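The values are calculated or read from the model by the stated rules, or taken from the named source; none is laboratory data. Predicted model, so just to flag it, every value in this text is computed and none were measured. Because the Cβ atoms are built from the backbone with ideal geometry, glycine has one as well, and the counts that use them run over all protein chains shown. With ligands, DNA and RNA removed, areas are computed over all heavy atoms of the protein, side chains included. Shrake-Rupley method; radii C 1.70, N 1.55, O 1.52, S 1.80 Å.
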Amino acid sequence: MQTQFLGFGLGLRASHFEQIITDKPAVDWFEIISENYFVAGGKPWYYLNKIRADYPVVMHGVSMSIGSTGALNFDYLQALKSTIARVEPQWVSDHLCFSQVGDFNSHDLLPMPYTNEALEHLASRIHHVQEFLGREMIFENVSSYLTYKDSQMSEWDFLAALHNKTGCRFLMDVNNVYVSARNHQFDAMTFLNAIPTEAIAQIHLAGHQDFGSHIIDTHDEDVSSAVWDLFENYAKQLDPVSTMIERDDNLGSLQDLMAELEHARQLVAPIWQLGVNSE
Amino acid sequence: MSDLASLQQQFMAMLQGQDNHLASHIVSDGQLSLSQRLAIYQNAYKLRLRAAIEQDHAQLGIYLGDQLFDKMVTEYLVKYPSNYTSLRFFADELPHYLRNNAPFNAHPILADISYFERCLLIAFDAQEQPLLSIDELEKFTTEQWPTLQLVLHPSVQLMHFNSRAVESWQALKDKQTPPEPYCETTRYWVVARDPERRTQFVNVALPEYRILTLLKQQVNFAQLCQSCINDMPSEKIAGFLISLINQWLERGWLVTTTK
Ligand SMILES: [Fe+2]
């Protein structure tokens with residue numbers, strides 16, 4: 001499956017619902033948080049149905065916990081499958097991590113150890129999930145604040161191996177790569193260059209908080225200049241990839257987010273040979 | 001147990017402040033100590049869930065103040081660790097927690113405010129259903145009326161408090177001082193989404209509240225009339241019910257799935 005280049009998108013947030021249906025801003029596509037639509041109806045679905053009539057929508061989950069040991073959560077997967085059927089998204093993503101163990105859900109995206117065991121485990125779980133959903137999933141690299149002694153390879157070798165093994169493709173969060181690179185003192189471009197370019201289905205850009213000794217991935221700031229540089233350099237290796245700004249907290253106006261998105265477009269338009277006002 | 005399973009269990013124990021030896025699995029590198037690295041995850045865990053409760057219970061948060069709110073979050077996390085895949089439901093047991101645990105249980109208004117706030121959430125994302133119109137209602141024949149079952153919109157929720165929970169919630173939202181917390185008489189409330197999908201709350205009198213409670217139990221029109229027999233002269237009952245029904249139609253509380 002190829003993912004189409006949709007252009008430049010934004011994460012859909014409830015505080016912007018009304019403005020989006022009234023103003024129909026020039027955003028190419030929206031990404032929704034899948035679990036926010038695991039509810040029967042009401043405002044979330046009312047707005048989503050209007051918005052999806054005008055814009056392509058992709059789904060991004062935060063709770064699949066694909067890396068968890070233990071049984072797959074088929075209640076969750078069924079809810080996801082029903083939501084996919086209602087939304088008809090261009091594609092569906094979640095994170096390469098674990099969140100839940102047994103009944104306990106941390107609601108965090110916790111890093112996997114990069115071991116052969118984890119690789120086998122993920123490959124088998126991805127296979128079962130995709131079989132159940134009847135479609136391909138895309139997985140995002142998470143940011144991390146620790147590395148395990150158990151790891152037998154680097155995160156980038158792990159991702160490349162997972163792609164080789166399963167064919168699964170990635171939502172590359174360039175900010176997450178930058179955050180982890182700083183926290184673990186590796187070279188971010190080494191990471192990015194190690195992943196086969198045909199495996200990149202989508203790009204996230206987001207803001208973080210820099211504490212000098214370490215960085216926390218907070219999604220509550222503008223994209224940093226270091227991440228813009230990294231994105232621009234990375235874009236030179238890629239064919240056009242659907243790119244979006246992910247902002248969860250300290251959410252400003254839609255105009256502010258669109259200005260940031262326009263910056264992303266301007267940065268890579270010459271590289272990807274896009275019309276400046278490509279819609 | 002596999003290495004991976006054991007590592008994941010250690011991680012979860014660490015997040016919940018239980019005995020664990022996760023630190024022995026972590027590389028000591030860079031500019032942060034092991035304990036700092038683990039603390040980042042512990043803080044993120046608590047802050048994320050605190051933010052979820054704060055978002056759903058903004059006025060409760062103001063009513064409690066930062067210190068008590070933190071105490072509540074810390075203890076709620078221990079008593080009700082999340083078993084949900086969506087944060088939307090994580091604080092569902094908060095009213096129950098506040099009603100049953102010191103120091104919060106000494107102030108029943110706290111549980112009431114949190115219950116009211118959870119009802120607002122339900123009204124926000126309850127299922128969409130076509131609303132009943134006057135025209136449709138008028139199509140029912142005189143013979144059909146006694147067995148007619150009116151059905152409330154899924155967003156309609158009934159609650160009653162012996163506190164001024166709703167008035168306090170409104171005052172805090174308007175940045176005013178909340179009124180005296182408790183009142184002599186019970187207050188009856190309906191929370192529901194209106195036809196424009198705005199969440200509304202309406203103070204109703206006991207007779208109306210009783211009728212709405214019966215509707216939730218799926219009784220028919222004849223049974224509704226019967227329930228009023230001790231409250232008013234029988235010739236006034238039908239008129240009383242019709243005027244309520246007209247109000248509910250306007251407010252969007254009735255749906256077309258009548259039986
Ligand atoms: Fe991301």
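Some notes on this structure:
- Residue match in segment A:101-119 (condition: more than 12 Å from every other protein chain (Cβ to nearest Cβ), out of contact with any Leu (no Cβ under 8 Å at 6 or more places or on another chain) and either surrounded by 15 or more Cβ atoms within 10 Å (Cβ to Cβ) or of a type in the set (D, E) (or both)): no
- Enumeration of residues in segment A:65-100 that are open to solvent by 20 Å² or more (accessible area, probe 1.4 Å) and either away from every other protein chain (no Cβ under 11 Å) or within 16 Å of the ligand (Cβ to nearest atom) (or both): A:A71, A:L72, A:F74, A:Q78, A:K81, A:S82, A:A85, A:R86, A:E88, A:Q90
- Beta carbons closer than 6 Å, at least 6 apart along the sequence or on distinct chains, never pair a first residue in segment A:165-181 that is under 16 Å from A:M59 (Cα atoms) and within 14 Å of chain B (Cβ to nearest Cβ) with a second that is among the acidic types (D, E) and within 15 Å of the ligand (Cβ to nearest atom).
- Under the condition of being open to solvent by less than 10 Å² (accessible area, probe 1.4 Å) and either within 14 Å of another protein chain (Cβ to nearest Cβ) or within 11 Å of the ligand (Cβ to nearest atom) (or both), the residues counted in segment A:184-206 number 5.
- Residue list for segment B:44-78, restricted to those being within 14 Å of chain A (Cβ to nearest Cβ), touching a Lys or Arg at 6+ places or on another chain (Cβ under 8 Å) and open to solvent by 50 Å² or more (accessible area, probe 1.4 Å): none
- Residue in segment B:90-98 that is on the phi < 0 side of the Ramachandran plot and within 11 Å of chain A (Cβ to nearest Cβ) present: yes
- Just one of the listed residues (A:D249, A:D220) is part of a loop (DSSP other than H, G, I, E, B), within 15 Å of the ligand (Cβ to nearest atom), closer than 26 Å to A:S144 by Cβ and out of contact with any strand residue (DSSP E or B) (no Cβ under 8 Å at 6 or more places or on another chain), namely A:D249.
- Count - residues of segment A:207-217 that are within 16 Å of the ligand (Cβ to nearest atom) and of a type in the set (D, E, K, R): 1
- Those residues of segment B:18-41 which are within 38 Å of the chain's Cα centre (by Cα) and open to solvent by 40 Å² or more (accessible area, probe 1.4 Å), in sequence order: B:Q18, B:D19, B:N20, B:Q36
- Residue list for segment A:123-151, restricted to those being away from the ligand (no atom under 16 Å from the Cβ) and closer than 30 Å to A:Q209 by Cα: A:L146, A:T147, A:Y148, A:K149, A:D150, A:S151
- Number of residues in segment A:223-233 that are within 15 Å of the ligand (Cβ to nearest atom) and surrounded by fewer than 21 Cβ atoms within 10 Å (Cβ to Cβ): the value is 1.
- Scanning segment A:234-271 for residues that are of a type in the set (S, T, N, Q), within 25 Å of A:I216 (Cα to Cα) and open to solvent by 60 Å² or more (accessible area, probe 1.4 Å) gives a single hit, A:N250.
- Restricting the first member to segment A:139-153 and to residues that are touching a residue at least 60 places away in the same chain (Cβ under 8 Å) and within 11 Å of another protein chain (Cβ to nearest Cβ), and the second to residues that are assigned to a loop (DSSP other than H, G, I, E, B) and not basic (K, R), the beta-carbon pairs closer than 9 Å and six or more apart or on different chains are A:S143/A:P111; A:S143/A:H208; A:S143/A:D217; A:Y145/A:P111; A:Y145/A:H214; A:Y145/A:D217; A:Y145/B:L32.
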